[in-house]
Amino acid sequence: MIEYRPLKIALLGAGSVGSQVAKILIENKKELAMRVGAELELVGVLVRDKNAKRDYQIPENLITTTAEPLILSADIVIEVMGGIEPARTLILQALNSGCDVITANKALLANNGAELFDAAEQVGAQLYFEAAVAGAIPIIRPLRESLAGDKVKRIMGIVNGSTNFILDRMHTLGTSLKEAIAEADRLSYLEADPDLDLEGYDAAQKAAILASLAFHTEVPMDKVYREGITKITSEQVAAAKRDGYVIKLLAMCEKIAADGDDPEGISVRVYPAMIPVEHPLASVHGAFNAVFVEAEAAGSLMFYGSGAGGLQTASAVMGDLVSAAKRHVAGGPGLADSVHADLAVLPISRIHTRYQITLEVSDQPGVLAQVANIFAKHDVSIEMVEQSSKMIEAETTAWLEIGTHLATDKALAEVVAELRSSPAVEQITSVIRVEGE
Ligand code: NAP
Ligand code: HSE
């Protein structure tokens with residue numbers, strides 16, 4: 001039964017995501033009203049260019065280029081414009097006028113989340129953001145609600161679809177990095193600024209959002225360690241495949257225990273790493289996303305699906321909209337996200353990881369011993385060594401592939417630095433972390 005007054009919905013943005021949100025709101029109006037207990041009335045759609053061609057033909061009378069009256073007339077505001085400004089100012093305006101806000105804007109949340117959550121808390125409004133991480137995959141609500149009584153230990157995710165597509169093409173088809181990037185571009189998988197994907201910025205923003213929810217701690221973007229995929233070579237991908245691994249761009253959020261005088265904290269980081277082919281994340285192909293969560297009581301959980309796409313992302317936005325609308329109908333306070341734990345976000349040097357290092361050396365007696373000594377000096381234990389050699393211009397060149405046991409990233413980085421300056425080493429051809437074992 002629908003007894004509540006119609007709820008007024010303002011949509012800021014009608015691009016890939018916004019036009020699909022408008023379509024669902026208009027075409028599923030009756031069904032949504034039954035689910036919510038109130039009609040959801042789209043009262044206006046903010047765009048830059050009224051005449052732009054859109055994926056869904058939004059009624060002309062709803063389109064506007066003036067934000068303020070639209071926001072002031074709304075109960076709930078959906079922000080799918082992207083970028084920092086004017087999205088930040090408009091969301092603050094909406095929250096300060098008592099509207100609940102739904103956003104898909106990972107960049108804004110990662111950079112200005114604390115300010116927006118404070119503003120929401122001041123007025124008892126609610127900020128929803130399921131679509132900001134991993135598109136259609138429900139991961140924010142599980143962390144915010146379903147796991148709220150558990151303790152998350154670690155999150156390991158593939159949260160950027162375009163880089164997963166590129167690395168997957170390199171692994172499965174032997175495509176070069178350059179060709180795979182061009183293919184991703186042709187399929188419109190890459191952001192307008194491709195470095196956001198390729199250099200790991202997009203994944204780092206998503207990692208910051210996930211870590212802040214999982215560990216109840218504010219995570220400033222400048223504390224998120226980030227490496228992209230632009231230095232990954234076909235040779236590294238092929239060597240990993242030969243050894244039973246696959247290279248993925250991972251977003252890792254992890255609780256780190258105190259170590260002597262070093263305090264406990266969390267590590268939030270993004271880098272390409274080798275994972276065993278048996279790991280659940282290894283079978284995430286193409287532009288799909290997946291998030292692997294390890295919690296104390298729940299154990300291991302895997303969330304998988306489409307991490308992008310207008311319609312898929314609109315599904316997550318609509319889920320938030322129905323929750324926000326139900327809250328209006330039922331009344332009562334919203335969820336407040338707590339940052340009470342206030343853990344330190346630790347530097348990369350504090351994590352424990354494993355490295356796989358490939359060195360070109362001259363095939364002389366004593367070379368292996370010199371190399372092994374460098375590892376021993378930094379207390380890094382070697383798990384395996386494989387040697388291959390080839391005659392090049394009447395000299396035998398050897399390649400050493402060395403896999404380490406777990407060690408601190410600090411010690412492993414020191415080993416690599418010393419190998420670089422060692423006369424026993426001609427060149428280091430690959431250094432990559434190994435995760436998920
Ligand atoms: P988009 O296609 O570029 O659309 C942006 C929309 O916002 C356009 O309608 C644009 O108007 C409007 N807009 C931008 N700046 C404006 C301004 N200053 N004033 C008024 N209107 C403005 O973006 P999108 O792909 O839908 O992404 C929207 C948000 O969702 C972003 O935060 C993005 O990170 C997030 N997201 C997207 C995906 C995805 O697969 N696309 C997935 C997950 C999350 P015009 O149409 O007139 O230019
Ligand atoms: N550029 C992002 C990706 C879009 O490739 O996953 C979704 O956030």
Evaluate the following for residue 328: is it over 20 Å from the mean Cα position of the chain (by Cα) and either over 24 Å from residue 151 (Cα atoms) or open to solvent by less than 40 Å² (accessible area, probe 1.4 Å) (or both)? yes
Working only within region 340-360, note down all residues that are open to solvent by 50 Å² or more (accessible area, probe 1.4 Å) and touching a Phe, Trp or Tyr at 6+ places or on another chain (Cβ under 8 Å). 347
Considering only residues that are more than 13 Å from residue 152 (Cβ to Cβ) and small (Gly, Ala, Ser), which ones fall in region 208-241? 208, 228, 234, 238, 239, 240
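Residue by residue, here is whether (1) over 30 Å from residue 116 (Cβ atoms); (2) more than 16 Å from ligand 2 (Cβ to nearest atom); (3) of a type in the set (Ser, Thr, Tyr); (4) not assigned by TED's automatic domain parsing to the domain that holds residue 149 holds:
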{"residue": "246", "(1), (2), (3), (4)": "yes, yes, no, no"}
{"residue": "266", "(1), (2), (3), (4)": "no, yes, no, no"}
{"residue": "278", "(1), (2), (3), (4)": "yes, yes, no, no"}
{"residue": "281", "(1), (2), (3), (4)": "yes, no, no, no"}
{"residue": "284", "(1), (2), (3), (4)": "yes, no, no, no"}
{"residue": "298", "(1), (2), (3), (4)": "no, yes, no, no"}
{"residue": "323", "(1), (2), (3), (4)": "no, yes, yes, yes"}
{"residue": "326", "(1), (2), (3), (4)": "no, yes, no, yes"}
{"residue": "337", "(1), (2), (3), (4)": "no, yes, no, yes"}
Does residue 240 count as within 17 Å of the chain's Cα centre (by Cα), open to solvent by less than 10 Å² (accessible area, probe 1.4 Å) and among the hydrophobic types (A, V, I, L, M, F, W, C)? no
Could you check, for region 293-303, whether at least one of its residues is within 14 Å of residue 136 (Cβ to Cβ), out of contact with any helix residue (DSSP H, G or I) (no Cβ under 6 Å at 6 or more places or on another chain) and within 16 Å of ligand 1 (Cβ to nearest atom)? yes
Exactly one of (1) farther than 30 Å from residue 279 by Cβ; (2) surrounded by 12 or more Cβ atoms within 10 Å (Cβ to Cβ); (3) free of Cβ contacts under 8 Å to residues at least 40 places away in the same chain is unmet by residue 380. Its number? (1)
Would you confirm whether or not region 161-179 contains a residue that is within 16 Å of ligand 1 (Cβ to nearest atom), touching a strand residue (DSSP E or B) at 6+ places or on another chain (Cβ under 7 Å), open to solvent by 10 Å² or more (accessible area, probe 1.4 Å) and not aromatic (Phe, Trp, Tyr)? yes
I'd like to know if region 134-154 contains one or more residues that are touching a helix residue (DSSP H, G or I) at 6+ places or on another chain (Cβ under 8 Å), hydroxyl-bearing (Ser, Thr, Tyr) and away from ligand 1 (no atom under 13 Å from the Cβ). no
State whether one or more residues within region 100-123 are in a loop (DSSP other than H, G, I, E, B), more than 10 Å from ligand 1 (Cβ to nearest atom), open to solvent by 10 Å² or more (accessible area, probe 1.4 Å) and not assigned by TED's automatic domain parsing to the domain that holds residue 213. no
Mind checking which residues of region 383-428 are modelled with pLDDT under 95, surrounded by 14 or more Cβ atoms within 10 Å (Cβ to Cβ) and of a type in the set (Ser, Thr, Tyr)? 397
Considering only region 383-415, state which residues are without any contact (Cβ under 8 Å) to a residue 40 or more places away in the chain and charged (D, E, K, R). 383, 386, 390, 393, 395, 414
Checking the structure you have, find out if any residue of region 73-87 is in contact with an Asp or Glu (Cβ under 7 Å, 6 or more places away or on another chain) and more than 19 Å from residue 319 (Cα to Cα). yes
Show the residue pairs meeting these rules: Cβ distance below 7 Å; 6+ apart or different chains; first residue within region 312-332 and among the hydroxyl-bearing types (Ser, Thr, Tyr); second residue open to solvent by less than 50 Å² (accessible area, probe 1.4 Å) and away from ligand 2 (no atom under 16 Å from the Cβ). 323/128
Taking region 124-141 and keeping residues more than 16 Å from ligand 2 (Cβ to nearest atom) and either assigned to a loop (DSSP other than H, G, I, E, B) or surrounded by fewer than 21 Cβ atoms within 10 Å (Cβ to Cβ) (or both) leaves 124, 125, 126, 141
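A quick yes/no check of all residues on (1) open to solvent by less than 10 Å² (accessible area, probe 1.4 Å); (2) farther than 24 Å from residue 106 by Cα:
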position	(1), (2)
12	yes, no
28	no, yes
47	no, no
53	no, yes
60	no, yes
70	no, no
75	no, no
80	no, no
Go through region 82-98 and give me each residue that's surrounded by fewer than 23 Cβ atoms within 10 Å (Cβ to Cβ), without any contact (Cβ under 8 Å) to a residue 60 or more places away in the chain and aliphatic (A, V, I, L, M). 84, 92
Selection from region 211-233 of residues of a type in the set (Ser, Thr, Tyr) and more than 13 Å from the chain's Cα centre (by Cα) yields 217, 230, 233
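The values are calculated or read from the model by the stated rules, or taken from the named source; none is laboratory data. Please read all numbers here as calculations on a predicted model, not as lab measurements. Cβ coordinates were reconstructed from backbone atoms using ideal geometry, including for glycine residues, and neighbour counts include every protein chain displayed. Side chains are part of the model used for accessible areas, which takes the heavy atoms of the whole protein and leaves out ligands, DNA and RNA. Shrake-Rupley method; radii C 1.70, N 1.55, O 1.52, S 1.80 Å.
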